[in-house]
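Q: One structure, pasted below without further comment.
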Amino acid sequence: MDIAALKAARSVDVDAAAEGWTELARESWQAVNDIHANGVDPLKTDWKDRVGEAAGRKLEEQARILEAGADIMRGVAMVLDGLGATITRAKLTMNAALDMARDHGLTVDEATGTVRGPSGGADSSTDNIVQEVDALLQEALREASQADRQAAAELRKLGAATCETDPEKALDDLQGEASRVELNMYTGGIPDGKDPRLVSDWWAALSDNQRKQLMLSDPVTLADLPGIPDNVKLELRGGPGTKYDRVKTVQWALEHWDDTSIDAFDDNCTNFASEALHQGGVRGKGDSLFGWRGDDTWGRSTDPGDDWLSERVDYSKSWAGAQNMHDFMMRHGGQEIPADQVRPGDIVYYEEDSDQDSQDTKGAIHHTAVVTAVTPDGDIRYTQHSGGMKNASVDGRIDAFQEHRGHQKLHYVRVNPDWY
């Protein structure tokens with residue numbers, strides 16, 4: 001890709017295409033729900049002979065095909081979202097470089113990317129600024145090129161899978177890979193940090209909204225990147241007076257999502273979320289008499305402390321139980337926040353909102369996960385254990401989840417310990 005090609009790239013068209021595919025996925029899922037509500041379910045109740053059973057199976061088959069298609073289409077939208085956002089950022093970087101060149105009387109060959117001084121040749125007085133402009137231009141082209149390559153390869157894969165009718169494969173394999181590619185585009189659009197001056201110039205070239213998007217989509221990379229302002233790094237970790245390091249929580253979750261060595265129970269989703277918070281610096285709250293077994297405690301026996309149970313392998317009820325953890329955190333400084341304000345390092349709880357599930361009654365909070373990213377289009381990504389997933393998409397997976405478990409209420413909680 002050259003400068004002229006990047007100038008001609010229209011991210012607005014890519015964004016419009018992404019929204020179109022998202023809408024198609026929504027309509028397909030609505031059709032799935034309608035088939036079940038108006039066909040499959042009534043047949044089970046009102047037409048119980050072999051003919052009714054056969055009709056129900058046929059409708060169920062059609063619903064599964066639509067479900068697989070919806071999840072693949074959502075994968076296409078994810079890839080396009082990633083491409084559009086990365087092109088927009090790359091163009092901002094490119095324009096900042098071209099503006100810098102113009103301000104210093106330099107010329108840029110759009111076909112080759114060559115930067116020249118005012119005289120058209122070598123000029124020692126402008127060597128530094130020439131290098132700075134050239135580095136910024138090459139960074140812009142690198143960002144756009146890597147996103148273009150990744151998007152093209154992934155869209156070809158998804159296009160070749162249009163005959164896939166297995167919903168599980170469509171969701172876990174096809175959409176799952178597309179989801180990872182989307183985040184990889186954002187990560188790949190960040191400089192490697194070998195040149196802090198380039199990072200500083202690149203960051204300054206972005207709009208406030210673009211910076212916010214990057215902070216939400218990849219806080220771990222930015223938090224340790226030379227050239228990123230210190231105040232930004234502090235905000236990523238939680239801001240002044242923070243009681244735990246949000247970046248460390250996210251980083252630990254991403255590094256241990258498939259680590260079974262931490263498992264202590266049959267279901268370890270909440271154990272995993274608690275451990276991620278603990279690794280980020282959240283201190284345990286014990287009881288002087290009952291250790292971690294007190295009614296108002298959160299922690300495990302290897303936390304620092306001098307209580308008489310500290311040497312036992314012991315966990316509080318709120319450490320490993322979703323409902324208990326939610327209730328404890330909300331009693332002790334936690335705040336429920338709307339989806340559009342969620343940040344990496346927050347916790348998401350799933351509440352059963354129907355009578356469909358045989359295990360959990362309506363109103364029960366039964367699952368916990370760690371928010372590890374938010375994409376520029378607002379899709380919240382979570383990382384979890386017991387059914388390990390890394391940066392899974394809330395928007396991409398919620399319909400399939402509810403198809404099997406019933407309607408869910410999602411509670412996003414910002415942990416803010418008030419016990420220390």
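The values are calculated or read from the model by the stated rules, or taken from the named source; none is laboratory data. If you're wondering where the values come from, they're calculated on a predicted model, not measured in any experiment. Cβ coordinates were reconstructed from backbone atoms using ideal geometry, including for glycine residues, and neighbour counts include every protein chain displayed.
Q: Which condition number in (1) hydroxyl-bearing (Ser, Thr, Tyr); (2) at pLDDT 95 or above; (3) under 16 Å from ASN391 (Cβ atoms) is the one that THR187 fails?
A: (2)
Q: Can you give me the number of residues within region 265-302 that are out of contact with any strand residue (DSSP E or B) (no Cβ under 9 Å at 6 or more places or on another chain) and either modelled with pLDDT under 90 or outside any loop (DSSP other than H, G, I, E, B) (or both)?
A: Count: 8.
Q: Among the residues of region 103-161, which ones are outside any helix (DSSP H, G or I) and modelled with pLDDT of 95 or more?
A: Listed by number, the residues that qualify are ALA160, ALA161.
Q: Among the residues that make up region 112-121, is at least one of them in contact with a Gly (Cβ under 9 Å, 6 or more places away or on another chain), among the small types (Gly, Ala, Ser) and surrounded by 13 or more Cβ atoms within 10 Å (Cβ to Cβ)?
A: There is at least one residue in region 112-121 that is in contact with a Gly (Cβ under 9 Å, 6 or more places away or on another chain), among the small types (Gly, Ala, Ser) and surrounded by 13 or more Cβ atoms within 10 Å (Cβ to Cβ).
Q: Shifting gears a bit: Check ASP71, ASP99 and return the single one that is under 30 Å from ASP377 (Cβ atoms) and free of Cβ contacts under 8 Å to residues at least 24 places away in the same chain.
A: ASP99 is the lone residue from the list that is under 30 Å from ASP377 (Cβ atoms) and free of Cβ contacts under 8 Å to residues at least 24 places away in the same chain.
Q: Any residue at all in region 350-362 that is of a type in the set (Ser, Thr, Tyr) and either outside the structural domain of SER274 (by TED's automatic domain parsing) or modelled with pLDDT of 95 or more (or both)?
A: Yes, region 350-362 contains at least one residue that is of a type in the set (Ser, Thr, Tyr) and either outside the structural domain of SER274 (by TED's automatic domain parsing) or modelled with pLDDT of 95 or more (or both).
Q: Do we find that LYS44 is more than 22 Å from the chain's Cα centre (by Cα), of a type in the set (Lys, Arg) and under 19 Å from HIS404 (Cα atoms) in this structure?
A: In short, yes.
Q: Might you check whether a residue that is of a type in the set (Asp, Glu), in contact (Cβ under 8 Å) with a residue 24 or more places away in the chain and either outside the structural domain of SER145 (by TED's automatic domain parsing) or over 22 Å from VAL133 (Cα atoms) (or both) occurs anywhere in region 193-210?
A: The answer is no; no qualifying residue exists.
Q: Moving on. Condition (residue is surrounded by 17 or more Cβ atoms within 10 Å (Cβ to Cβ), under 28 Å from ASN268 (Cα atoms) and basic (Lys, Arg)) applied to region 227-242: is it met by at least one residue?
A: yes
Q: Given the options ILE190, ILE228, name the one that is under 17 Å from THR93 (Cβ atoms), outside any helix (DSSP H, G or I) and under 19 Å from the mean Cα position of the chain (by Cα).
A: Only one candidate qualifies: ILE190.
Q: Cβ contacts < 8 Å: first residue closer than 22 Å to ARG237 by Cα, restricted to region 363-377; second residue in a strand (DSSP E or B) and polar (S, T, N, Q), any location; separation 6+ or different chain. Result?
A: Final answer for the pair search is THR368/GLN384; ALA369/THR383; ALA369/GLN384; VAL370/THR383; VAL370/GLN384; THR372/THR383; THR372/ASN391; ALA373/ASN391.
Q: Can you pull out the residues in region 373-406 that are of a type in the set (Gly, Ala, Ser), closer than 15 Å to GLU182 by Cβ and not in a strand (DSSP E or B)?
A: Matches in region 373-406: GLY378, GLY396.
Q: So, in region 162-175, exactly how many residues are touching a residue at least 24 places away in the same chain (Cβ under 8 Å) and surrounded by fewer than 21 Cβ atoms within 10 Å (Cβ to Cβ)?
A: 5
Q: Do any residues in region 236-259 that are within 16 Å of ALA392 (Cβ to Cβ) have Cβ atoms under 6 Å from those of residues that are in a loop (DSSP other than H, G, I, E, B) and modelled with pLDDT under 95, where the two are at least six apart or on different chains, and which pairs are they?
A: TRP257/GLY388; ASP258/GLY388
Q: When you scan region 389-420, how many residues do you find that are under 23 Å from TRP257 (Cα atoms) and touching a residue at least 60 places away in the same chain (Cβ under 8 Å)?
A: Adding up the residues that qualify gives 16.
Q: Look through ASP81, ASP13 and report the one residue that is under 21 Å from the mean Cα position of the chain (by Cα) and either assigned to a helix (DSSP H, G or I) or β-branched (Val, Ile, Thr) (or both).
A: Exactly one of ASP81, ASP13 is under 21 Å from the mean Cα position of the chain (by Cα) and either assigned to a helix (DSSP H, G or I) or β-branched (Val, Ile, Thr) (or both), namely ASP81.
Q: While we're on this one: Name every residue in region 228-255 that is aliphatic (A, V, I, L, M) and in contact with a strand residue (DSSP E or B) (Cβ under 9 Å, 6 or more places away or on another chain), in order of residue number.
A: VAL250, ALA253, LEU254
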